[in-house]
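Colleague: Structure in structure tokens, see below.
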Amino acid sequence: MKYTIKTFITSSGERLSQLYKTEEPDLPLFYPTAYIARTVRPSATHETQKVYLAVIRRVCEWESSRNIDLALSFRSRKFLTAAQVDDLANYLRASKLGGKGAVISSPKYNTYVTYTAGYLRWLAQELITDANTPEIREALAAQDTMLLRKKRRKAGSSSARDQRVVSARLSTDARNQLLDLFHQPFEGLRKPQDFGPRLRNIVMLRVLYETGMRAGELLSLKLRNIIEAGGGDSAYLDIERNHHDAIDTRLHQPVAKTLGRKVPISEHLEEQLRNYRDNWRADIPMAGFSDENFIFIVHRGGRSQGRALPITAFGSGLANLRQSFCALSQVRPHLLRHDWNYRFSIIADREDMSFEDECTLREQLMGWVPGSPMSRRYNLRHIEEKSQEIGRKIATDTARITK
């Protein structure tokens, strides 16, 4: 049996998703809907809710393929056997996109196992009237433990992951190609209808490069968020928290994961934003011009023309650029965020900035809360270089004493 997840927008702008049987598209599955509404939704973003539903969909698919009815089993006080737990864990780990034997990443799999255990625990407690008796509690705990033990303990060294984050940055060729496109955005184009979308995509990449903001924050920028230079102050972009934006008609709303903040931009980027807004965006039918309208919109003809640009359309635009310029083959929005932090570290060292100041300023510009572990992770490079410097001094001192 096949299942599908549908997303809706409420009148308040909140996004809600529900799980359906494909052959019964008018009625959402009762227990997954109740679980999300009562347990997950009060404390989780819509994106997190969709991950929960993706996991529950896998559980439902596993039930159907194995001819198991978990609700009926739990009502009868029958819990998963060790063999069923093994089988379910293997099903959760299998990759749907890869070939036979392909698996999802260990961190993603561990999340799936955790969410599955939580849902099954809730489902059993929901269906068993005397779930608080010692026997039922012990049986539930045993099932829970068996599932959670299936998490992969060796998902990779945390220090190795930190090192990958610290070292992630643009290659020299990719950086040079991007800088060339920032100044010559129409390079290689021939068709007039391609000029507007190309300029939009290059300006978006430049915003990511100069500010390090996330793609969701970029796609959420509205016309009012461009603050032009004046009174001696440079131009900046005002990033706002925008969950459940009633103005945003995109079903899968891009959102700002981090705190709202103001990020400065260069004079040339300010000029390019004005040029795009006043000379290219303004010519698109159905494009709005109020403060609430989004900066980056769909240019191509069709029902969505003039509306806010979806994340999928931005991804397609980047794919076209990667195809046209081989030096950009590895460029992704989040890589530009890593690269921004790499360049920030270089400037911090050049300015002889203290470790504490570097953390504070990075947190402010990235939108992280004070004391964020991400800030300290990026500052790891600074710590490593200082430790090497001190280590060399100690080694030199030892050599002098020996002599």
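Colleague: Once Cα extents along the principal axes in Å is worked out from the coordinates, which option in (i) 60, 48, 34; (ii) 80, 72, 41; (iii) 67, 54, 40 does it equal?
Modeller: (ii)
Colleague: Calculate, in nm to one decimal, what E187 and D130 gain on full extension: separation in residues at 0.36 nm each, minus their alpha carbon distance.
Modeller: Values: separation 57, 0.36 × 57 = 20.52 nm, distance 7.01 nm.
Length difference between fully extended and current span is 13.5 nm.
Colleague: On a full-extension model of 0.36 nm per residue, what is the gain between R332 and T48, subtracting their alpha-carbon distance, rounded to one decimal in nm?
Modeller: Numbers: separation 284, 0.36 × 284 = 102.24 nm, distance 2.19 nm.
Extra length from R332 to T48 when fully extended: 100.0 nm.
Colleague: If you plug each phi of the stretch 103-118 into the Karplus form 6.51 cos²θ - 1.76 cosθ + 1.60 with θ = phi - 60°, what whole-Hz ³J(HN,Hα) values come out, in order, with x for Gly and Pro?
Modeller: Result, ordered by residue: 10, 7, 5, 4, x, 5, 4, 4, 5, 4, 5, 4, 5, 5, 4, x Hz.
Colleague: At a Förster distance of 56 Å, what's the computed FRET efficiency of L179 paired with N90, Cβ-Cβ distance as r, to 0.05? Present the calculation step by step, with values, prior to reporting the outcome.
Modeller: Values: r = 48 Å, r/R0 = 0.85.
Calculated transfer efficiency: 0.75.
Colleague: What lysines sit close enough to K222 to cross-link, taking a C-alpha to C-alpha distance under 29 Å and skipping anything fewer than 8 places away on the same chain?
Modeller: K6, K50, K191, K257, K262
Colleague: May I ask you to list the lysines whose Cα is less than 20 Å away from that of K151, ignoring any residue fewer than eight positions away on the same chain?
Modeller: Cross-link targets: K96, K108.
Colleague: Let me check against my output: what whole-number percent is the relative contact order of the chain, with C-alpha pairs under 8 Å and at least 6 apart?
Modeller: Values: 467 pairs, mean separation 58.9, N = 403.
Relative contact order for the chain comes out at 15 percent.
Colleague: Among all the aspartates and glutamates, which ones have a C-alpha under 15 Å from K393's C-alpha, if same-chain residues fewer than 8 places away are not counted?
Modeller: Counting by Cα, and skipping residues close in sequence, K393 has these aspartates and glutamates nearby: E384, E385.
Colleague: If you don't mind, another one. For the chain, take the longest principal axis of its alpha carbons; what is the angle in degrees between that and the long axis of helix 355-366, to the nearest 10 within 0 to 90?
Modeller: So the helix axis and the longest Cα principal axis differ by about 80 degrees.
Colleague: Skipping prolines and chain starts, which residues have an amide H placed within reach, meaning under 5 Å, of the one on K222, given they are 5 or more residues away or on another chain?
Modeller: Residues meeting the criterion, in which the H sits 1.01 Å from N, are I295.
Colleague: Considering only S387, S324, S290, give the residue with the highest GNM mean-square fluctuation for the chain, with springs between Cα atoms whenever their separation is below 10 Å.
Modeller: S387
Colleague: To continue, here is another question. Based on alpha-carbon positions alone, could you give the equivalent ellipsoid semi-axes of the stretch 349-402 from the gyration tensor, as √(5λ), descending, whole Å?
Modeller: 31, 10, 7
Colleague: So what's Rg/Rh here for the stretch 164-337, counting alpha carbon atoms and using the Kirkwood radius for Rh? All intermediate terms of the calculation are to be shown ahead of the outcome.
Modeller: Details: Rg = 15.6 Å, Rh = 16.6 Å.
Ratio of gyration radius to Kirkwood radius: 0.94.
Colleague: May I pose another question? Can you tell me which of E389, E240, E187 moves the most in a GNM of the chain? Springs connect C-alpha atoms under 10 Å apart.
Modeller: Answer for the Gaussian network model of the chain: E389.
Colleague: Enter the angle in degrees (range 0 to 90, nearest 10) between the Cα long axis of helix 158-167 and the first principal axis of the Cα atoms of the chain, meaning the one along which they spread out most.
Modeller: Taking the Cα atoms of the chain, the angle to 158-167 is about 30 degrees.
Colleague: Quick one: angle between helix 380-402 and the longest Cα principal axis of the chain, in degrees between 0 and 90, rounded to 10, please.
Modeller: Helix 380-402 sits roughly 70 degrees off the main axis of the chain.
Colleague: Sticking with this structure for a sec: With springs connecting C-alpha atoms under 10 Å apart, model the chain as a Gaussian network and identify which of K262, K50, K393 has the largest mean-square fluctuation.
Modeller: Judging by the Gaussian network model, the answer is K393.
Colleague: While we're looking at this one, here's another question. Once fully extended, how much extra length lies between S12 and T249, figured as 0.36 nm per residue of separation less the alpha-carbon to alpha-carbon distance?
Modeller: Numbers: separation 237, 0.36 × 237 = 85.32 nm, distance 1.15 nm.
Once the chain is fully extended between S12 and T249, it gains 84.2 nm.
Colleague: Counting only the backbone N, which residues of the stretch 341-355 are under 13 Å from the spot 7 Å out from the Cα of I390 toward its beta-carbon?
Modeller: Only 355 pass the distance filter.
Colleague: For the chain, what does -39500 (n - 2.57) per DSSP helix run (n ≥ 4), summed and divided by total residues, give at 222 nm, in deg cm²/dmol to the nearest 500?
Modeller: Numbers: 16 runs with 207 residues, N = 403.
Taken over the chain, the calculation gives -16500 deg cm²/dmol.
Colleague: Ok, one more. Quick one: work out Rg over Rh on the C-alpha atoms of the stretch 3-148, Rh as Kirkwood radius. Walk me through the numbers on the way to the answer.
Modeller: Working: Rg = 15.6 Å, Rh = 16.2 Å.
Taking Rh as the inverse mean 1/r over Cα pairs, Rg/Rh reads 0.96.
Colleague: Run through the stretch 239-332 and list the chymotrypsin sites (Phe, Trp or Tyr not before Pro) located in a DSSP loop whose Cβ has at most 12 other Cβ atoms within 10 Å. Before the final figure, lay out the partial values.
Modeller: Values: sites: Y276, W280, F289, F294, F296, F314, F325; in loops: F289, F296, F325.
Listed in order of number, the matching sites are F289.
Every number here is computed from the coordinates shown, using simple stated rules; none is lab data. Note that the structure is a prediction, hence the values are computed from the model and not measured. Ideal geometry is used to build each Cβ from the backbone, glycine not excepted, and the neighbour counts take in all protein chains shown.
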